[in-house]
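Colleague: Please read through the structure below; I'll follow up with questions.
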Amino acid sequence: MSSLAFPCRSSPLTPASTSVTPPVPASPCIKIRRSGRTAHRHLHRLAARTSARTVAMAAAAAAPVISPKEDLPPILTSTSEPPPLFDGTTRLYVAYHCPYAQRAWIARNYKGVQDKIKIVAIDLADRPAWYKEKVYPGNKVPSLEHNNQVKGESLDLVKYIDSNFDGPALLPDDSEKKQFAEELLAYTDEFGKAAYSSIISKGDVSEETVAALDKIEAALRKFTDGPFFLGQFSLVDIAYVPFIERFQIFFSGIKNYDITKGRPNIQKFIEEVNKIDAYTQTKLDPQFLLEQTKKRLGIE
């Protein structure tokens, strides 16, 4: 999936180093840790070693997480000292703008283990060297430091958090639902690529994209005991919602295309998932996401 839209992952479309500075939380709900003068100096340092495109995006990166319900930590850069690593504290390393990291972040919130899993925010445009050297050699987010080990890959981490921490189960016992869950999890990358292909194209929304959205619409019809993929909220919803959220914004703002039109199940899914605090506590301002994506794509 292209890092033009989701810069916490590399792709053949862009160099692995192309990324956008995560937004510094700056809403009344969050304590601002960086003064205006300090933030200004930070952007000038960043300008000295990144492309003009990245600097332009960084200068605009001031949109907050909408309703975090917790005091989010400041973003760590190449000049930041590491936390006291492997001291028994469980840490989830994220970038606030990254949909892959958002998956693990939602799972952590839904399990209600905010006091047991501490958030560490990384600036992907100005990454601390110690993150790759001492924490996660893959140098991506998310990663989880737990029991003196570090694990990565977002879907694996959602399952790991569900299995290793107390709180509501993210996978039902029903065998049919479990099997369908695995099928849907295996389809996540294919769905993302099919949907994103139309965003970067100059033409209309492609048949491939329409078919992918229709497949999601059909999947949401399979179980009738709730509005989510397995009926009730599960790790499958966590896997898809960061991307469905962004595709709704991008298709509307870039292609003038409503992904919910003629798809009542997707519409209902979006409505209901926005009632779940674990998810809304991780959301970024939609206008911020759209503006940053337009800049990466060179759209005025």
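The values are calculated or read from the model by the stated rules, or taken from the named source; none is laboratory data. All values derive from a computational prediction rather than experimental measurement. Cβ: placed from backbone, ideal geometry, glycine included. Neighbour counts: every protein chain shown. In case anyone asks, the SASA skips ligands and DNA or RNA and just uses the protein heavy atoms, side chains included. Shrake-Rupley method; radii C 1.70, N 1.55, O 1.52, S 1.80 Å.
Colleague: Taking into account only those residues within segment 172-211 that are farther than 22 Å from Phe223 by Cα, open to solvent by 90 Å² or more (accessible area, probe 1.4 Å) and not in a helix (DSSP H, G or I), which is modelled with the highest pLDDT?
Modeller: Across segment 172-211, the extreme among qualifying residues is Asp204.
Colleague: What about Ile266, is it at pLDDT 95 or above, assigned to a helix (DSSP H, G or I) and touching an Asp or Glu at 6+ places or on another chain (Cβ under 6 Å)?
Modeller: So Ile266 passes the test.
Colleague: Inspect all residues belonging to segment 46-57 and state whether any of them is surrounded by fewer than 22 Cβ atoms within 10 Å (Cβ to Cβ), at pLDDT below 95, more than 28 Å from Gln287 (Cβ to Cβ) and not polar (S, T, N, Q).
Modeller: Looking through segment 46-57, at least one residue is surrounded by fewer than 22 Cβ atoms within 10 Å (Cβ to Cβ), at pLDDT below 95, more than 28 Å from Gln287 (Cβ to Cβ) and not polar (S, T, N, Q).
Colleague: Go through segment 238-261 and count every residue that is under 13 Å from the mean Cα position of the chain (by Cα) and either farther than 23 Å from Lys275 by Cβ or not β-branched (Val, Ile, Thr) (or both).
Modeller: Residues in segment 238-261 being under 13 Å from the mean Cα position of the chain (by Cα) and either farther than 23 Å from Lys275 by Cβ or not β-branched (Val, Ile, Thr) (or both): 7 in total.
Colleague: A further question follows. When segment 264-295 is examined, which residues are found to be charged (D, E, K, R) and buried (at least 18 other Cβ atoms within 10 Å of the Cβ)?
Modeller: Hit for segment 264-295 is Lys283, nothing else.
Colleague: Looking for something open to solvent by 10 Å² or more (accessible area, probe 1.4 Å), under 20 Å from Leu235 (Cα atoms) and not aromatic (Phe, Trp, Tyr) - is there at least one such residue anywhere in segment 119-131?
Modeller: yes
Colleague: Now for a separate question. Does Asp166 satisfy the condition of being over 13 Å from Phe229 (Cα atoms), in a loop (DSSP other than H, G, I, E, B) and touching a residue at least 24 places away in the same chain (Cβ under 8 Å)?
Modeller: Criteria met by Asp166.
Colleague: I need a count of the residues in segment 225-263 that are β-branched (Val, Ile, Thr) and touching a strand residue (DSSP E or B) at 6+ places or on another chain (Cβ under 7 Å).
Modeller: Within segment 225-263, the first condition is being β-branched (Val, Ile, Thr), and the residues that meet it are 236, 238, 241, 244, 249, 254, 259-260.
Subsequent filtering for residues that are touching a strand residue (DSSP E or B) at 6+ places or on another chain (Cβ under 7 Å) retains 236.
Residues that pass the stated criteria total 1.
Colleague: It is to be established whether one or more residues within segment 90-105 are surrounded by fewer than 16 Cβ atoms within 10 Å (Cβ to Cβ) and either in a strand (DSSP E or B) or at pLDDT 95 or above (or both).
Modeller: Scanning segment 90-105, I find no residue that is surrounded by fewer than 16 Cβ atoms within 10 Å (Cβ to Cβ) and either in a strand (DSSP E or B) or at pLDDT 95 or above (or both), so the answer is no.
Colleague: Something else about it: What's the total number of residues in segment 115-146 that are over 13 Å from Phe86 (Cβ atoms) and assigned to a loop (DSSP other than H, G, I, E, B)?
Modeller: 14
Colleague: State whether the residues of segment 256-263 include one that is farther than 30 Å from Val113 by Cβ, assigned to a helix (DSSP H, G or I) and open to solvent by 20 Å² or more (accessible area, probe 1.4 Å).
Modeller: So far as segment 256-263 goes, no, none of its residues is farther than 30 Å from Val113 by Cβ, assigned to a helix (DSSP H, G or I) and open to solvent by 20 Å² or more (accessible area, probe 1.4 Å).
Colleague: Something else now. Looking at the structure I just gave you, is Phe247 within 22 Å of Lys159 (Cβ to Cβ) and either buried (at least 17 other Cβ atoms within 10 Å of the Cβ) or touching a Cys at 6+ places or on another chain (Cβ under 6 Å) (or both)?
Modeller: So Phe247 does not fit the description; no.
Colleague: Give me the pairs, please: first residue somewhere in segment 257-271 and over 19 Å from Tyr196 (Cβ atoms), second residue anywhere and charged (D, E, K, R), beta-carbon distance under 6 Å, and either six or more positions apart or on two chains.
Modeller: Going by the 6 Å Cβ cut-off, the qualifying pairs are Asn265/Glu217; Asn265/Arg221.
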